[in-house]
Structures are given as C-alpha cells and as structure tokens.
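These notes are about the structure you will find just below.
The values are calculated or read from the model by the stated rules, or taken from the named source; none is laboratory data. All values derive from a computational prediction rather than experimental measurement. No Cβ is skipped: glycine too gets one built from the backbone with ideal geometry, and neighbour counts run over all protein chains shown. What goes into the accessible areas is simple: the full protein's heavy atoms, side chains included, and nothing from ligands, DNA or RNA. Shrake-Rupley method; radii C 1.70, N 1.55, O 1.52, S 1.80 Å.
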Amino acid sequence: MTQIKAAITGIHGWVPEYILDNAELEKMVDTTDEWILTRTGISERHILKGEGKGSSDIGAEAVKGLLEKTNTSPDDIDLLIMATVTPDMLFPASSNIVCDKVGIKNAWSFDLNAACSGFLFALETAAKFVESGQYKKVIVVGADKMSAITDYTDRTTCILFGDAGGAVLLEPNTEGYGMLDTQNYTDGSGRIYLYQEAGGSVKPPTHETIDAREHYIHQEGQSVFKFAVKGMADVAVEMMERNNLTSDDIAYLVPHQANLRIIDATARRMGLDPKKVMINIQRYGNTTNGTIPMCLHEWEHKLKKGDNLILAAFGGGFTWGAIYVKWAYDPVKT
Ligand code: UT7
C-alpha cells in the first residue's frame, strides 16, 4: 500500500499593525536598542491593540487568509488544531472560537500547549490524523498574543515577545512530499526556568497573585538559553543524520525565533550557509507559536517543490523538536 504523508499545501501568516520598537521600549524600561539588538537580534515587534481582542483574532485572520489563498471552503475542513500559550480564556478552547469566527462548522478542533514548540507538536499530531487516511483537510494554527502575559516593567522579558500567528493546510500526499520525519521531546524538570505562575489550578487568580505580578511570563534567561542552544541544535542534527541529509541537501532551516544567537548556533551545528536560514526575529521578536508559520509565510514565494526543510524549536516545559518536510508545491503565480 502507498504510504500517506501529510503535506503542507498552503500557508498564511498574520501580524497586527501596531509596531513596538526598541526606541519605545527604551522609554518604558531601563534598556537600550544596542543591548536588545546584540543580545537578541530584535528591533521591533507587533502588538495586538483593542478591547476584547485575543489570540483567536490573530488565528482567525491567519485561517481566513489560508482558506482564501488555497481556495478552500470552510465546510471541507475536518479538523483544526490551535497551538497557543495565550488562549482567549482557559476554556472553551481558542480553536473552537477560531472555527466559529471563520465559519468552519463540520470539523472538530482542540488547543495544544507546548509553549514555543507548540506549532511543531501540533504539526506532528495533525500529521498522524492525515496519515491515518481518515482526515483529508486539517488546519494547524499557531497564534499568540504574547503581549497579554508580558510584564512591561520587566526589562528581561518585555523586550523579547510580540504577537503574531500563522496557519497551514495539511492534505494527504502519496508522492513522497510532506512531513517525512518528526521528533519531539519534553522534559518537565525544565518547568522551573520558564513559566506563568498564577492563573491555573495551583494558584487561581487572587488580589495577591496580581499584586505579585504572577500572571506574567517569568524566565531565567541564561538557563533557558543554555538548554535551548543544545536542545534545538541536537534535535536538528539528529533529524539530518537519521534521514541521511547533508547541509547541501537542505534548502532551509526554519527555526523558532527566540534569540538570533540560538538560531545561529543551531545553523552552525548543522553546517548550514546563513543564506539557508529563515530569520525574521528582527521584525517580530518571539511570537511563540507564531514564529515558524510566519517564517514559512514570508519565504513561501521562494520555496520549490521538493525542497528539504528542517523545522526546529525549543520552548518552555521544556519542549523541543524538529520536523523534516519535503515541500510539496512550487510558488503560486499571482
Ligand atoms: O522561546 C522560548 C525559549 N526562550 C529562549 O530561548 C530565551 C533564552 N534566553 C535568552 O535569549 C537570553 O538569555 C536573554 C535574551 C533573555 C538574555 O540575554 P543574556 O545574554 O542571557 O543576558 P543575561 O540574562 O545574562 O543578562 C546580562 C545582563 C544583566 O546585568 P548584570 O547582572 O550583568 O549587571 C541583566 O540584568 O544584562 C542585563 N539585562 C539587560 N540590560 C539591558 C537584562 N535584560 C536587559 C535589558 N536591557 N533588556
């Protein structure tokens, strides 16, 4: 029997309009454009403004664009998985809300939380549904309104994060294109370095948790940095080795955008020419589940059928992983 693989057959990304640049951050906390650029590579990030707006609005914009671009009716979608750490609310799932906002009615949907590796975890999950043969059109959305959980009085984290999202359409492929190999990992002992302390069942919101600023991201940057450099590079190299890929065989590394130094270290370990690395952290910062789909969205016009891509991420949890994709289509002529 011919093996079914899950191929990405469309991609669309979306960022809100408002730009928070380093100059504005210099007025908010004790930092400098030079420090931020040299330590992280970030110049600006986009922020979702407006009452009542959440990650589902970002996800819905990405999905709307995806359906239009791929000429797909919302009625034909079987399943939608949304990777997010900033759901609109704890329940219902933001994926349900996205479906409602874009008119997807014949599908089921759920949220998946694997911090910055969420988009990869959701892609692997979705791939299994497609490979089963039962699901023909599956959407994976990665979207985060990180500004909702960012403490703009904490210079160690507020310079890092931005809001964005993207969505891919997955369809069965029997010609050797699509997700050819996946490897994801978790290590819960890393939870002490990167977390949002309050708001869950251990520490429901109280006046005290709010006064202690526990509803914001807490990160021990240096510790996460060390694990991230090793974790992301190790898994990307593992993916190359077990698929017999040399650096010449790879068209692009599509890395999670947390810190330019982590991306550079991963690319060096893979022996990749810097031109083969998708980098847009300078314009968006770390958008958590939005980073990898935003890269694919911006590089889509350069990707050719048969290109080998390695997607790689590292995030809170700890979570990390890599996916080997053989790109399934040439740039669409407009
Ligand atoms: O996506 C999820 C996974 N997350 C990551 O992968 C993030 C990993 N970590 C990082 O990217 C980096 O650790 C950071 C960008 C967060 C921080 O960079 P760093 O080079 O590790 O800096 P550091 O934490 O060692 O801080 C160095 C100095 C400290 O001052 P002292 O103690 O040397 O006097 C900090 O207080 O820089 C200071 N500092 C700042 N100075 C100016 C920290 N933040 C700032 C700031 N502006 N915004």
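Of VAL63, VAL229, VAL254, the residue with the greatest mean-square motion in the GNM of the chain, using alpha carbon springs below 10 Å, is VAL229.
Anisotropy class assigned to segment 85-238 is oblate, per the alpha carbon gyration tensor with a/c at or over the 1.5 cut-off and a/b no larger than b/c.
Largest GNM mean-square fluctuation across ASN96, ASN71, ASN289, computed for the chain with C-alpha springs under 10 Å, falls on ASN71. With all protein chains kept in place, the per residue accessible area of the chain amounts to 44 square angstrom at a probe of 1.4 angstrom. Here's the picture: charge each Lys and Arg Cβ at +1 and each Asp and Glu Cβ at -1 in the chain, and of SER109, ALA143, THR266 the one pushed furthest to the positive end of that dipole is THR266.
Taking 0.36 nm per residue of separation and subtracting the Cα-Cα distance, what length does fully extending GLU26 through PHE91 add?
Numbers: separation 65, 0.36 × 65 = 23.40 nm, distance 3.62 nm.
Working it through step by step, the gained length comes to 19.8 nm.
PHE318 sits with roughly 10 Å² accessible to a 1.4 Å probe, with DNA, RNA and ligands left out of the calculation.
Between MET146, MET89, MET232, the GNM of the chain built on Cα springs shorter than 10 angstrom shows MET89 fluctuating the most. Checking the cross-link pairs LYS53/LYS326; LYS64/LYS326; LYS145/LYS326 against a 32 Å limit on the alpha carbon distance flags LYS53/LYS326 as lying beyond it.
Using Cα pairs closer than 8 Å and at least 6 residues apart in sequence, work out the relative contact order for the chain, in percent. It would help to have the intermediate numbers written out before the result.
On the way: 804 pairs, mean separation 84.6, N = 334.
For the chain, the relative contact order is 25 percent.
For the chain, the membrane-span-like helix rule (DSSP H, alpha carbon extent of at least 20 Å along the helix axis, mean Kyte-Doolittle at least 0.0) picks out 221-242; this says nothing about an actual membrane.
Projecting each Cα onto the charge dipole of segment 180-326 (Lys/Arg +1, Asp/Glu -1 at the beta carbon, about the Cα centre), which of GLY317, MET239, LEU303 comes out farthest on the positive side? Farthest along the dipole direction, towards plus: LEU303.
Of the heavy-atom accessible surface of segment 180-326 (probe 1.4 angstrom), what whole percent is carbon and sulfur?
Numbers: 3380 of 6530 Å².
Carbon-and-sulfur percentage of accessible area, whole number: 52.
Expected output is a single nm value to one decimal: the length gained when fully extending between LYS304 and VAL202, i.e. 0.36 nm times separation in residues minus the C-alpha distance. What is it? Spell out each step's value before the answer.
Values: separation 102, 0.36 × 102 = 36.72 nm, distance 4.79 nm.
Additional length available on full extension: 31.9 nm.
Within the chain, which is the longest segment containing none of the GluC sites (Glu not before Pro) that sit in a DSSP loop and have at most 13 other Cβ atoms within 10 Å? Between exposed loop sites, the widest span is 52-174. A straight Cα-to-Cα reach below 18 Å connects LYS27 with the aspartates and glutamates GLU44, ASP151, ASP154, residues fewer than 8 places away in its own chain not being considered.
With K and R counted +1 and D and E -1, the other residues having a Cβ less than 12 Å from that of VAL202 yield a net charge of 0.
Helix content alone sets the calculated 222 nm mean residue ellipticity of the chain: runs of n ≥ 4 DSSP H residues at -39500 (n - 2.57) each, divided across all residues, give -9500 deg cm²/dmol. The residues packed around ASP248, meaning those with a beta-carbon under 11 Å from its beta-carbon, carry a net charge of -1 if Lys and Arg are +1 and Asp and Glu are -1.
Under unit Cβ charges (Lys, Arg +1; Asp, Glu -1), what dipole magnitude, rounded to 20 debye, does the chain have relative to its Cα centre? Please list the in-between numbers first.
Numbers: 32 positive and 44 negative charges, 132 e Å.
For the chain, the charge dipole is close to 640 debye.
For segment 5-177, the fraction of 1.4 Å probe accessible surface lying on carbon and sulfur atoms is 49 percent.
Here's the list of aspartates and glutamates a cross-link from LYS275 could span, going by alpha-carbon distance under 20 Å and ignoring same-chain residues fewer than 8 apart: ASP248, ASP249, ASP264, GLU298, GLU300, ASP307, ASP330. Under a plain spin-label model, where a point goes 7 Å from the Cα along Cα-to-Cβ, how far apart in nm are ASP249 and THR174? Taking the simple label geometry, ASP249 and THR174 are separated by 2.5 nm.
Across ARG45, ARG269, the residue with the most accessible area heads the list, and the full order at a 1.4 Å probe is ARG269, ARG45.
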